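Read the structure below first, then the notes.
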Amino acid sequence: MKKLLILSMVLCALPAWAHDEGHGPKLTDSPKQGGVLTSVIAEQEIGKGEKAKLIYKAELVRYAEGKVRVFLYSPQMEKLDFSKFEKKANGVLITCRKEKCQESKFPFQVEDGSFAGVPPKPERKPFNIDIHFSDGTQKLFAAFDNLD
């Protein structure tokens, strides 16, 4: 009976250990646009978690009409000029149910000093939005996790 109880407790705790490192260093800054702030890292460092090198910071802001905008900042939280970034980026909306995840891709375009796009409506909450883009010298990645 004790073994069954211990096994049940361990199995119930497994989801708490899943994906707890995130993608990039943890940030303590406050978002400037009222959105969600995350680290921007090089794509090749995605598996490093918090040990990945911070290149930029990104803020995702969602609007009532379904549009999302991603603003980019320097590590010192100074707004970046989008002239050095490619004009298009790739977004991925990710929803998971138990161990099965579904990905829906959608485009971002540079618009008024940010990347703007309209993700598909998520089937469930929480969900994640990842964005893949380039600054002309390297491929970059930002992950906005546990959105609702």
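No value in this document is a laboratory result; all are computed from the given coordinates. All of these numbers come straight from a predicted model, not from anything done at the bench. Using ideal geometry, Cβ is built from the backbone for each residue, glycine included, and neighbour counts are taken over all protein chains shown.
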Subject >> Assigned charges on the beta-carbon of Lys, Arg, Asp, Glu; region 21-147 dipole about Cα centre (debye) >> reply: 320
**OP:** Rank F85, A64, P126 by how far each Cα sits towards the positive end of the charge dipole of region 21-147 (+1 on Lys, Arg Cβ; -1 on Asp, Glu Cβ) and give me just the farthest.
**Re:** P126
**OP:** Order by neighbour count: R69, R124, fewest other Cβ atoms within 10 Å first, most last.
**Re:** R124, R69
